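Reading through the structure tokens given below for one structure.
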Amino acid sequence: MVGVGWGAPTEFRYFDEIIPDNAVPKWEPSMVNQFYQDDLYVEIVFLSALEKYGLEIKPRQTGIAFANTTFGLAHANQQGRSNLRKGIAPPDSGHPVFNPHADDIDYQIEADYSGLIAPGLPNVPVRLGEIFGRLMNYGDGMYAGQFVGGMYSTAFFEKDMVKIVEAGLRCIPKGSQYYECISDVLKWFKENPNDWRETWRKVKEKYQDNPNYKRFSCSGPSSKFNIDAKINGAYVVIGLLYGRGDIERTIKIAMQCGQDSDCNPSTAGGVLFTTIGFSKIPEQYKQALDRKQKFAGSDYDFDKLISVCEKLAREVVLRTGGKIIQDKTGEEYFLLPIKSPTPSRLEQSWNPKPISGERFTTEEMKEIIFKE
């Protein structure tokens, strides 16, 4: 909420350049109240579906829930919802044959939930990516969300940003361009740890200017506008690495990289805040928080959102073989199994696997209120 509110005035106003220092908005505490941002409200639908159907939720159930939303959407989300309303069931709703935005940023910006309800359990965001990420994305577009979820899951127990980013990478296939992009940022950071602008220039040269890395860009290989998950994921990581644990610096750097400059600082800020913990977040970032305003398209206010996340986290811990115990004083602990993540199979949107042919049944279509 802090990152998306702070960066909102700059969103997609700087496509192929660094946002100047004097164009960065000044933080105002009221900026935290962002209840009508797709960076936030889309994933609340995912949490609501998990609360309703449980952790064994089926992709078709998620598809119906997403098809029945009424809030504003764009790019992969919009096309995915349109496909679902036409009867194209997941995973085909996000398949490149039906979705020209399959590599866009969408699942990357709405995957926070998957790590926040899975502390120290990175296989959970991988699995949830297969269920929710395929509603609208495919290949790198889906891996982006699994990467973000893996970072969040790790951020509960780790403050070293290099280690957090590396943990996220372990959640996605090594042969993907997304893996290559984030690996490049890590390498360039280690080569030049004091100049984020130089790393930004290297990212631009390879992932903006080289058409081989924009092979499924919805805006075309020559466009300055770039909503591809890879380059925006790189900007998230630049913010995390060069921010060095400082809130203002992390959010500003992720923002100043440009392109989707409210979503990227939102993701970076969220991962960083997870390492800090809510009670230790400085008051200037939460003093004006409206805890009773409901998020667009949902019945969740802030407090209910937190309650549902905790409820689901407890279920995730037990489902994955962990335990919830109390010591003699009543202090509660999660005992978590340590398991390495198993990434999804390698897919590429410009050379996709065949479609599944999944379609909603006549009875399922009756559950979808809006048709296209």
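The values are calculated or read from the model by the stated rules, or taken from the named source; none is laboratory data. In this text, all values refer to a predicted model and were calculated from it rather than measured experimentally. Positions of Cβ are generated from backbone atoms using ideal geometry, with glycine treated the same way; all protein chains shown enter the neighbour counts.
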> Has region 297-315 got at least one residue that is under 30 Å from Tyr14 (Cα atoms), in contact (Cβ under 8 Å) with a residue 24 or more places away in the chain, small (Gly, Ala, Ser) and touching a helix residue (DSSP H, G or I) at 6+ places or on another chain (Cβ under 6 Å)?
Replying inline: yes
> Using beta carbons and a limit of 6 Å, which pairs, at least six apart or on different chains, have the first residue in region 89-101 and β-branched (Val, Ile, Thr) and the second one in a loop (DSSP other than H, G, I, E, B)?
Replying inline: Val97/Ile355
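Going by what's in this entry, would Tyr285 be described as modelled with pLDDT of 95 or more, more than 28 Å from Gly54 (Cβ to Cβ) and of a type in the set (Phe, Trp, Tyr)? Steps first, answer last, please.
Details: modelled with pLDDT of 95 or more: yes; more than 28 Å from Gly54 (Cβ to Cβ): yes; of a type in the set (Phe, Trp, Tyr): yes.
Yes; evaluated as a whole, the condition is true for this residue.
Of the residues Asn123, Asn99, which single one is within 15 Å of Ile227 (Cβ to Cβ) and either basic (Lys, Arg) or at pLDDT 95 or above (or both)?
Asn99
Taking region 152-162 on its own, how many of its residues are assigned to a helix (DSSP H, G or I) and either free of Cβ contacts under 8 Å to residues at least 24 places away in the same chain or acidic (Asp, Glu) (or both)? Please lay out each step first, then the result.
So the first thing to find is which residues in region 152-162 are assigned to a helix (DSSP H, G or I), and the list is 152-155, 161-162.
From what is left, the residues that are either free of Cβ contacts under 8 Å to residues at least 24 places away in the same chain or acidic (Asp, Glu) (or both) are none.
The total comes to 0.
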> From Lys206, Lys202, Lys190, which residue is exposed (fewer than 14 other Cβ atoms within 10 Å of the Cβ), in a helix (DSSP H, G or I) and free of Cβ contacts under 8 Å to residues at least 60 places away in the same chain?
Replying inline: Lys190
> If you scan region 84-115, which residues turn out to be among the basic types (Lys, Arg) and assigned to a strand (DSSP E or B)?
Replying inline: none
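For Gly149, are the conditions met, namely being more than 11 Å from Val237 (Cβ to Cβ), in a helix (DSSP H, G or I) and within 16 Å of the chain's Cα centre (by Cα)?
Numbers: more than 11 Å from Val237 (Cβ to Cβ): yes; in a helix (DSSP H, G or I): yes; within 16 Å of the chain's Cα centre (by Cα): yes.
Yes; evaluated as a whole, the condition is true for this residue.
Residues that are over 21 Å from Glu28 (Cβ atoms), in contact with a Leu (Cβ under 9 Å, 6 or more places away or on another chain) and not β-branched (Val, Ile, Thr), at least 1 per element: which helices (runs of 4 or more DSSP H) completely within region 256-372 meet that? Quick ask: steps written out before the conclusion?
Working: elements: 263-276, 302-319, 362-367.
Per the criteria, 302-319.
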> Got at least one residue in region 116-139 being closer than 22 Å to Glu11 by Cα, assigned to a helix (DSSP H, G or I) and aromatic (Phe, Trp, Tyr)?
Replying inline: no
> Which condition breaks for Gln348 when tested against (1) loosely packed, with under 15 Cβ neighbours inside 10 Å; (2) modelled with pLDDT of 95 or more?
Replying inline: (1)
